[in-house]
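Trainee: Handing you a structure now.
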Amino acid sequence: MFLSNPAVAELEPYTPGLSREFVSRKYGVPLDDVAKLGSAENPLGPSPLAKAAVEAALGRIDLYPEWTAAPLREKIAQTYDVHPDQVVCGAGETEILSWIIRVFAEPGGKLLMHSPTFPIYHLFAGAEGRQCVFVPMGGDFDFHLDRFIEHIAGDVRVVFLTRPHSPTGKLLDDADVRRVCEAAGERLVVLDEAYIHFTETAGGIHLVEDFDNLIVLRTFSKAYGLAGLRIGFGITRPHIALPMLAVKPTWNMGQLQVAGGIAALDDHQHVSRTVSMIVEMRDYVAGRLGALNSFRMIAGSRSNFFLLEILDTTLDSTKVFNELLERGVIVKDGSVSFHGLGHRYMRVDVSLRKHMDRLVEALAEIEPRAG
Ligand SMILES: Cc1ncc(COP(=O)(O)O)c(C=O)c1O
């Protein structure tokens, strides 16, 4: 038998959202009509400033980049009024999350998170032999913050908060984050703000000034439309940033990522167009879904996705997921993608009006006729 680490060999890998090409080929739906609502990407495409900068940087791809992405770290530091030593850059937030788990929890150490949550936290934890403590969210997905804070004890090493939360889109406020940081003491608090632009709030980077146990994570994959370029960053105190360099793959950030990230930070126009469209379509789709009997949008999303509950007991999330695929609509089946979510929910992106219409029309076809 091939020898490998038994802790990893048995694990299930991440389940990604399906591609437009796959669905078009399999179900014969024209490519442009496929509504890709499972990966929370930017439907307006990449930041034009980033795209131009990446093209201009192509002539430099023979050279190794600066190994800590220093030019991008400096730009991020300038943008958020922090010191470059407070910034780490990774191939998406996803890469930084993997270092955090390795650096701040020892094997067997515990990581605290809500259930449901962004699956990368517990997938990496499992692969690295760390243990997860899940705190279930309450009815209609409130955070149960008192209960969550009670679990910050013993050998819990890292505490994850997602703001806005995935998959619900609900928003913790600064006072909540402060309570968690205070309770965490010498444990690390990770505030994952991948989707913060869509909340139209400033987010928690300023809290790093008050708390020496906090790292705030951001990504270029969402509002900037650069999911395929792979850029994320963390802002924290230097004593937290520094040890992560020991596990960071040496040249993790290529020339194109560095150039694209720097340019994107100045693309306020693309971000504000994107955010306005999402906010408008979030209300629009909420109104249209209200006319259906078998589905209910979970209220309160401040993100570019929402949870859709299946009310009809003859349906479940896998059945609806497959029926939607046949109609050229890709969503996330909650039972596959989110720990503890069960079979009655799907996570659906907010997107262009034509995709929202296609979603609602497909759901209306799927729901059993009344009477
Ligand atoms: C909550 C959350 N954090 C982080 C990420 C990953 O972002 P990145 O593309 O920067 O790795 C995602 C991606 O969907 C996410 O949903």
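The values are calculated or read from the model by the stated rules, or taken from the named source; none is laboratory data. What you are looking at is a predicted structure, and each value in this text was computed from that prediction instead of being measured. Positions of Cβ are generated from backbone atoms using ideal geometry, with glycine treated the same way; all protein chains shown enter the neighbour counts. Just so you know, the surface numbers come from the protein's heavy atoms only, side chains and all, with ligands and any DNA or RNA stripped out. Shrake-Rupley method; radii C 1.70, N 1.55, O 1.52, S 1.80 Å.
Trainee: Evaluate the distance, in nm, between pseudo-label points positioned 7 Å from the Cα of ASP283 and of ALA56 along their respective Cα→Cβ axes.
Mentor: Reported label-point gap for ASP283 and ALA56 is 3.7 nm.
Trainee: With every protein chain left in place, what is the accessible area per residue of the chain in square angstrom, probe 1.4 Å?
Mentor: Averaged over the residues of the chain, the accessible area is 43 Å².
Trainee: I've got another one for you. Please give, to one decimal in nm, the separation of the simple spin-label points placed at GLU66 and GLU200, each 7 Å out from Cα toward the Cβ.
Mentor: 3.7
Trainee: Show me the ranking of peptides 355-368, 249-262 by mean Cβ neighbours inside 10 Å, starting with the highest.
Mentor: Order by mean packing, descending: 249-262, 355-368.
Trainee: Could you check the simple spin-label distance between GLN78 and TRP251, using points 7 Å along Cα→Cβ, in nm with one decimal?
Mentor: Computed distance between label sites GLN78 and TRP251 equals 2.5 nm.
Trainee: Run the accessible area of the chain with a 1.4 Å probe and give the carbon-and-sulfur part as a rounded percent.
Mentor: About 53 percent, which is the carbon plus sulfur part of the accessible surface.
Trainee: How high is the FRET efficiency from ASN293 to SER115, r the C-beta distance, R0 25 Å, rounded to 0.05?
Mentor: Computed FRET efficiency for ASN293 and SER115 comes out at 0.30.
Trainee: Roughly speaking, what is the centre-to-centre gap between region 1-31 and region 304-342 when only Cα atoms are used, to the nearest Å?
Mentor: 18
Trainee: Going 7 Å from the Cα of HIS151 in the Cα-to-Cβ direction, what parts of region 159-180 have a backbone nitrogen less than 15 Å from that spot?
Mentor: Counting backbone N atoms under 15 Å from the label point, the list is 159-162, 166-167, 180.
Trainee: Taking Cα pairs under 8 Å and at least six residues apart, what relative contact order does the chain come out at, in percent?
Mentor: 25
Trainee: Quick check on the chain: helices-only [θ] at 222 nm, where DSSP H runs of length 4 and up contribute -39,500 (n - 2.57) each and the sum goes over total residues. Nearest 500, please.
Mentor: After summing the helix terms and dividing by the residues of the chain, the value is -11000 deg cm²/dmol.
Trainee: Can you give the FRET efficiency to the nearest 0.05 for ASP140 and GLU326, using r as the Cβ-Cβ distance and R₀ = 25 Å?
Mentor: So the FRET efficiency works out to roughly 0.25.
Trainee: With a cut-off of 8 Å between alpha carbons and a minimum separation of six or more residues, what is the relative contact order of region 48-266 in percent?
Mentor: It rounds to 31 percent for region 48-266.
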